[in-house]
Amino acid sequence: MLTELRTKSQITIPKDIVKHLGLAEGDKLDVVEKDGVIQIIPVAVYPKKYLEELRGEIDEAKARVAAGKQPTFDSVDALFDMLDGVS
């Protein structure tokens, strides 16, 4: 689809593409140039505090696994079987 570069280096992303990708006003897009090609990539931006909390939870889970205190499963079915047994 053809679009035009406007003042302040702005372009309009065609509506069909916006709809297909589920984009909305305020979404963040990363613009990258590589070998003369411009790529526009939707990205999710998370607050630093959220990422730090998530990293802490992951580290705790890894420590539980290493200590043998975290259940592990050979398959998703085994996980669901265990969850079905919990009321």
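Data for the structure
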item: Phe80 vs. criteria in a helix (DSSP H, G or I), at pLDDT below 95 and not hydroxyl-bearing (Ser, Thr, Tyr); result: yes
item: Options Ile17, Ile11, Ile40: the member that is in contact (Cβ under 8 Å) with a residue 24 or more places away in the chain, of a type outside the set (Gly, Ala, Ser) and surrounded by 10 or more Cβ atoms within 10 Å (Cβ to Cβ); result: Ile40
item: Any chance Tyr50 is within 30 Å of Ile11 (Cβ to Cβ) and among the aromatic types (Phe, Trp, Tyr); result: no
item: Candidate set from the stretch 1-28 (those that are part of a loop (DSSP other than H, G, I, E, B) and of a type in the set (Gly, Ala, Ser)); member that is nearest to Tyr46 (Cα to Cα); result: Gly26
item: Search result, residues across the stretch 60-78 that are of a type outside the set (Gly, Ala, Ser) and surrounded by fewer than 10 Cβ atoms within 10 Å (Cβ to Cβ); result: Lys69, Thr72, Asp74, Val76, Asp77
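The values are calculated or read from the model by the stated rules, or taken from the named source; none is laboratory data. For clarity, every value in this text was computed on a predicted model and none was experimentally measured. For neighbour counting, all protein chains shown are included, and Cβ atoms are generated from backbone atoms with ideal geometry for every residue, glycine included.
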